[in-house]
1. Just name the residue that is farthest from S474 (Cα to Cα) out of those in segment 419-437 that are open to solvent by less than 30 Å² (accessible area, probe 1.4 Å) and among the hydrophobic types (A, V, I, L, M, F, W, C).
2. Looking at segment 518-535, which of its residues are farther than 18 Å from M111 by Cα and either among the hydrophobic types (A, V, I, L, M, F, W, C) or touching a His at 6+ places or on another chain (Cβ under 8 Å) (or both)?
3. Do the conditions hold for G138, that is, is it in a loop (DSSP other than H, G, I, E, B), on the phi > 0 side of the Ramachandran plot, open to solvent by less than 10 Å² (accessible area, probe 1.4 Å) and not hydrophobic (A, V, I, L, M, F, W, C)?
4. Report yes if A326 is among the aliphatic types (A, V, I, L, M), in contact with a Leu (Cβ under 8 Å, 6 or more places away or on another chain), assigned to a helix (DSSP H, G or I) and open to solvent by less than 20 Å² (accessible area, probe 1.4 Å), otherwise no.
5. Among the numbered criteria (1) open to solvent by less than 10 Å² (accessible area, probe 1.4 Å); (2) under 26 Å from V162 (Cα atoms); (3) assigned to a helix (DSSP H, G or I), which one does F239 miss?
6. Would you pick out the residues in segment 143-181 that are open to solvent by 30 Å² or more (accessible area, probe 1.4 Å), among the β-branched types (V, I, T) and touching a residue at least 60 places away in the same chain (Cβ under 8 Å)?
7. Would you mind finding the one in L40, L44 that is open to solvent by less than 40 Å² (accessible area, probe 1.4 Å) and in contact (Cβ under 8 Å) with a residue 12 or more places away in the chain?
8. Scan segment 490-549 residue by residue and report those that are of a type in the set (A, V, I, L, M) and open to solvent by less than 80 Å² (accessible area, probe 1.4 Å).
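The values are calculated or read from the model by the stated rules, or taken from the named source; none is laboratory data. This is a predicted model, so every value here is computed, not measured. Cβ coordinates were reconstructed from backbone atoms using ideal geometry, including for glycine residues, and neighbour counts include every protein chain displayed. The area values use the complete protein model at the heavy-atom level, side chains included, leaving out ligands, DNA and RNA. Shrake-Rupley method; radii C 1.70, N 1.55, O 1.52, S 1.80 Å.
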Amino acid sequence: MNGPALTTAPGAILTAGDRAHHRIAWISTVDHKRIGILYLLTGLFFFVVGGVEALFIRLQLAVPNNTLLRPDTYNQLFTMHGTTMIFLVAMPLLFGLANYILPLQIGARDMAFPRLNAFSFWMVPLGGILLHFSMLDGGAPAVGWFAYAPLSETPYSSQPGVDYWALALLVLGIGSVGTSINIIVTVLCLRAPGMTLRRLPLYTWINFVNSFLVIIALPVLNAGLAMLLIDRRLHAHFFLPSGGGSPIMWQHIFWAFGHPEVYILALPAFGIVSEIIPVFSRKPIFGYEFVAGSTVAIAILSFGVWGHHMFTVGLGHTMDLFFAAASLLIAIPTGVKVLNWSTTLVGGRIRLSTAMLFCLAFLVHFLCGGLTGVTHAVVPLDWQTKNSYYLVAHFHFVAVGAIVFAILAGVYYWFPKISGRMLSERIGKWTFWLMVIGFNLTFIVQHFLGLAGMPRRVYTYPDLPGWGWMNMISTIGAFFMAAAALLLVWNLLVTLWRGPAAGNNPWNAWTLEWASTSPPPHENFHELPPIHSRRPLWDDANPDHPDPVVGGDEVVSPVTEKCKVGILAFIASESAFFGVLILAFLYFNATPGSGPGPKDLNLVKTGMFSLCLFASSFTLWRTEISQQRNHRRAMLGWLGATILLGGIFIVGQGLEYGGLLRGGVNISTNLFATTFFTLTGFHGLHVCLGLVALLVVLGLALAGDLDAGRSVVLEVVGLYWHFVDVVWVLVFTVVYIFPLLR
């Protein structure tokens, strides 16, 4: 826990030399605050890149029959803008704020896994470089940020731009999962004494819940990206109709990620607003429990609404009814939040700071975006507006009008804590009004363009009545937003240069981050106030009128448990990945096809080396028992047997692959071969990674470093190994047993 660090002098933790080195070690830093700042700077850089791409798009659409951009160039900009803004702007900015603020809000000294935190961040610039390097190697992808198949397949997009796009998103997805695992473990294991789950600030609680969304949704996309790359590079057939594949399967996979992704971006924005509105209304948030509970409801329901993106595909009445009902249902917990925020404002002593102004605009924009979103849950309306600019307007009302405005509110609210200086409120309000005017000029009119029939995803349009002047207004609005962005950057730079000092708590806020200095020291806190409610700083400043005590004390998972919590979160993430691959195998092999199939597999031989893998779980369990009893020789023996059994399994799988390849069966032969090699291959890769981890444990044991204090290493590797075995039980059943029952 964090108790011992609360009253320790900073000098006892870092020497003067250490501090001097720390100031220049940004590249190698593992401090959550510096990593948070790196996230924010990276997001700001790509915000400029994505904004420039958006301006070129709007210039092309400013007048009818424009020839400023060639069609393929427009498609590339359209693809890069969407991908950049979602994966390289919104997510890094939200992760950056969470990285900086969340440990402070729970009284922690850092994130649970600082090195994993640094690794997760560096995946962002790597992904951005991969994505934009495509421009130098044949051209950027021109398939939209959703990369619908078969357009994204090699016969229709032969340049490597789509490969770079898929690799970039895989890298970014891995980093996002790493950050989310870190957040989950940090909240569960590193809370300060008294900071129970019921006393968490809403910003922390919402990011905690959101992290579960990330570790389930992103692996779904990663599985789809892996399948797309296998199609493109190894000539497989997942999504290519000519080989029996299904482009609709890609849509299911993408939107099974894509709609939770909307809430992955929106929920942290909700958390920001839930912190700022109470502070500038000078009253606690109305219905804390309802805000917290509705967050969980949104997270759960978000996995059941992806089909409303596919009403025009023709899923059938039953599926349409299910997804329509689910899409309407999720509006209820979302509406609860709007009610909570609005009621908090009623009767409050509202201070219209720049941060509060952005929150108020967020409320209006999110309400409009939510209402137009409900229209897409009504199937007949969706059929009429799905492929029009009405949907573009709806999406941007949520993505920009709500999420970006909330991020800007968070920047103005927490910048004094991060920098120790106050942003100019005068420039901030100019920024706000330019952004509000520009945003509404740009996107309100697009609703009417869509209703007038203008399709989306077109690089130009004919001179039909009303289309020209409405597009011109939209383009003018985009330049208003560009001016607001320039003012924001100017405000940040001038403030860092000569802005007034902020003090520790310039907003008289109530959560723990404001108990530290501005900016906080490396160890975050010199001391912490007692925590008995959700507003510890209010209680500390008003001892005669404290908030009611919330709940009783609870047992916080000890720091020694953080590795086990982390591996369990990782296993949940990998379960989603394998779930997609298993479902794809079942879907594509539901009926026997021509060519190689399950009949070509040797069930007896595979069963024999499968028994070796299953037995390895028993031997690893015996290894753990021997370790607990300090029987070193027995522990080494059982651990060696586990590695041997796992190696036999890999050799057996290699022999099976060799037999199939010699018989002319490879991953491109037919759909069965495609799904078989992909599913069993990824499982084999995980077994190999598990063997590497077991060999590391064996090395530690032989060196005498696996003592009782480090036994958690064996427990963590054991959990992963048992998971790999359970996955093979499912794979073996689906691939080898089910076909015999047909």
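1. The residue in question is L423.
2. I531
3. No: the conditions fail for G138.
4. Taking the combined requirement at face value, the residue satisfies it.
5. With respect to (1) open to solvent by less than 10 Å² (accessible area, probe 1.4 Å); (2) under 26 Å from V162 (Cα atoms); (3) assigned to a helix (DSSP H, G or I), F239 is out only on (3).
6. T154
7. That would be L40, the only listed residue that is open to solvent by less than 40 Å² (accessible area, probe 1.4 Å) and in contact (Cβ under 8 Å) with a residue 12 or more places away in the chain.
8. Within segment 490-549, L492, V494, A502, A509, L512, A515, L528, I531, L537, A541 qualify.
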